[in-house]
1. Kindly establish whether residue 51 is free of Cβ contacts under 8 Å to residues at least 60 places away in the same chain, assigned to a loop (DSSP other than H, G, I, E, B) and surrounded by 14 or more Cβ atoms within 10 Å (Cβ to Cβ).
2. Has the stretch 2-22 got at least one residue that is closer than 28 Å to residue 111 by Cα and surrounded by 14 or more Cβ atoms within 10 Å (Cβ to Cβ)?
């Protein structure tokens, strides 16, 4: 039944020749090889393969990027940008791993547990921001 989070089954795989427009949600893992324009959500993991292109927000427990993402990424546990990965947008997670060769152009928010960043921390971040793209 759609929306029943207790149902387990095979994960969703978006093939390399597939283009989706709209919202993709799966309670299980999602692996993307193709193109998606819209929101991608999972209660578990999202894997964005080297051939994948995503334009839109992404949210999951963990997100691994080897392809291209234009949009915000929110992960409750971890975001990992692999050497072939390119992220243009904001990230929010407790654990951000950017591998050598990866490209990340955007802002990163790394909340400390349940504590939110205070206004003074946000002001400090704004003062320290560099406007040039970063290639790791």
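Derivation of every value follows stated rules applied to the coordinates shown; laboratory data play no part. Everything numeric in this text was worked out from a predicted model, so none of it was measured. FYI the Cβ positions are ideal-geometry reconstructions off the backbone, even for glycines, and counts take in every protein chain you see.
1. Yes; evaluated as a whole, the condition is true for this residue.
2. If we filter the stretch 2-22 for residues that are closer than 28 Å to residue 111 by Cα, which is where we start, we get 5.
Those left that are additionally surrounded by 14 or more Cβ atoms within 10 Å (Cβ to Cβ): none.
Within the stretch 2-22, not a single residue is closer than 28 Å to residue 111 by Cα and surrounded by 14 or more Cβ atoms within 10 Å (Cβ to Cβ).
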